[in-house]
1. Among the numbered criteria (1) closer than 22 Å to residue 97 by Cβ; (2) buried (at least 21 other Cβ atoms within 10 Å of the Cβ), which single criterion is violated by residue 283?
2. Please indicate, with yes or no, whether at least one residue in segment 176-198 is surrounded by fewer than 21 Cβ atoms within 10 Å (Cβ to Cβ), over 25 Å from the mean Cα position of the chain (by Cα) and under 23 Å from residue 245 (Cβ atoms).
3. Quick one: which residue in 313, 375, 302, 339 is closer than 16 Å to residue 445 by Cβ and not acidic (Asp, Glu)?
4. What do you reckon, is residue 493 in a loop (DSSP other than H, G, I, E, B) and surrounded by fewer than 20 Cβ atoms within 10 Å (Cβ to Cβ)?
5. Tell me yes or no: at least one residue of segment 210-229 is of a type in the set (Phe, Trp, Tyr) and either modelled with pLDDT under 85 or part of a helix (DSSP H, G or I) (or both).
6. Identify, by number, the condition in (1) out of contact with any strand residue (DSSP E or B) (no Cβ under 9 Å at 6 or more places or on another chain); (2) under 27 Å from residue 493 (Cα atoms) that residue 384 doesn't meet.
7. Pick from 372, 421: which is assigned to a loop (DSSP other than H, G, I, E, B) and surrounded by fewer than 20 Cβ atoms within 10 Å (Cβ to Cβ)?
8. I'm trying to understand the selection: among the residues of segment 426-447, which are surrounded by 18 or more Cβ atoms within 10 Å (Cβ to Cβ) and either among the polar types (S, T, N, Q) or within 13 Å of the chain's Cα centre (by Cα) (or both)?
Amino acid sequence: MRLLIMLIAIALFLSMPVVTTAFPGMGEGKMPKTEQAVDSPPDSAAMLPAAGDTARVAHIIRRLSSLEFAGRRCGSDGAAGARSFLKGQLLRAGIAPLTSDGVYEQPFTVNGMEFESLSARLLGANGVEIRIQLNLSSPPEPLELKDLRFWREDESAPVVGAGSLLVHYGPSGRGGMFLPSELLREAVRAGASGLLLIPHPEDKADIYSRYLARARMRDARLHSLAGSVGGDPTGATGIMGYILPEDVPHLFRSSGAAANGPADLITAEWTMEMPAAEKFHLSGCNLVGRIVPTREQAEGHLLVVAHYDHLGLADTGYYAGANDNASGIATLFEVAYNLMAEMSNLEVRFLLTDAEEIGLIGAQAYLRDNDAPALVVNIDSVGRAAVADFRQMRDPANYSGETVVLWRGIDDDSRLDMLSARMDSVGLAPHEGRGPMVARGGDHAIFARADVPSMFVFGGYEMNVNSEKDTPAGILPQRPLLLARALAEFILEDLQVK
């Protein structure tokens, strides 16, 4: 089975130079200079059981990023080794197992299919071939295609039967948010077996080609993994793909029909040819612990989340995943150390998820097996200088060690404003993130889809994401410390019942 290659968050920027220079915005006494990065403390650094330990942060990041754990891919020996190390850290931090039997592990099975490629075809009775670039989706079985149906962009998805595919326009370029995954979910809820996208006639900037390029970067394993835990209803379980622009006219009876109306769509006489695939199973395992309230407990619990898995081996080495997400794990532990020093009436649970990189599956498993939290705070990729807007990544001058991107799952949830104020008070520069990259880009998305109040603490966009260059070099250990202090103050001062 071939090695996992994860979709890089911004595929179009892969050719840009990696930022290794000093960054602006790291104020005096707030953030360290880049030469004080995580690879500077010695391996023998003392692990002190107190909050604010830069050496401990560096140790956790460096150890999780080491070849010993070989990229921590779900189901691998490296992931198992990382879990053993993290269990020791949970014990050291005084975080108790969630269950009464004293076990941190929450095992689950990932069921999926590995495809030879993500290229499919529609074959017409007249010998016409229409090429399709498959995107992230989960076809449970080979599709026996019965018909195509056009889905107008100003209408709800038409109700159809199994074996139908809906055809929908891609982004128009008129502004607003275009979310293919949400369209797929609506199509599946309407009974369709999947969704095919075609260029919008008003897409003058050729945005469609950018989505197509990203789809070409998908990994064939990812194609079949989303929503695979326990039949989770929030996951899309249908085919989704982009029809190559040059083949779109073959879908219609007359020339130019793609641009001026769906009535000429050829709805029948098609067969769907999917790439060859084989089933596989991975053993995933979350780690779950909690801090028991030190006085009368308030209702519900807060869940602090960070994923520990990464991408595993690469063609020439391995994906260390120092920022994504060893930095988030280190921050989670520092939050715990801060909370241990104070009286609290909140039960705070800590969820270290597996299989995040292959479809947010560890988060699905937790939600399936446990009561829903009162609030979720997900921490991801917080260790590097970054930018708040991915469009700023071209210029190294835009990068700051103080940048933090925050997201709220409920538009009027004022608690994010409180968290933002706490971030600002410790010298960070919080920005509210919007759009699908932050809304759907982590474990918080699973909880938000289930109507659980959720927040995302994201370190911002930077060039090393999901690459072999995401090593401990250049990680700023002061960032996790500042984030943890702000999060702990938010939990202790703003969330708990007085």
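1. Of everything listed in (1) closer than 22 Å to residue 97 by Cβ; (2) buried (at least 21 other Cβ atoms within 10 Å of the Cβ), residue 283 misses just condition (2).
2. Looking through segment 176-198, none of the residues is surrounded by fewer than 21 Cβ atoms within 10 Å (Cβ to Cβ), over 25 Å from the mean Cα position of the chain (by Cα) and under 23 Å from residue 245 (Cβ atoms).
3. On the way: 313 fails: closer than 16 Å to residue 445 by Cβ; 302 fails: closer than 16 Å to residue 445 by Cβ; 339 fails: closer than 16 Å to residue 445 by Cβ.
Result of the check over 313, 375, 302, 339: 375.
4. Against the criterion (in a loop (DSSP other than H, G, I, E, B) and surrounded by fewer than 20 Cβ atoms within 10 Å (Cβ to Cβ)), residue 493 does not qualify.
5. First pass over segment 210-229, keeping only residues of a type in the set (Phe, Trp, Tyr): 211.
Now narrow it down to the ones that are either modelled with pLDDT under 85 or part of a helix (DSSP H, G or I) (or both): 211.
Yes, there is a match, as at least one residue in segment 210-229 is of a type in the set (Phe, Trp, Tyr) and either modelled with pLDDT under 85 or part of a helix (DSSP H, G or I) (or both).
6. (2)
7. Working: 421 fails: assigned to a loop (DSSP other than H, G, I, E, B).
Result of the check over 372, 421: 372.
8. 438, 439, 441, 442, 443, 444, 445, 446, 447, listed by residue number.
The values are calculated or read from the model by the stated rules, or taken from the named source; none is laboratory data. Predicted model only: the values in this text are computed from it and were never measured. Every residue, glycine among them, receives a Cβ derived from its backbone with ideal geometry; neighbour counts consider all protein chains shown.
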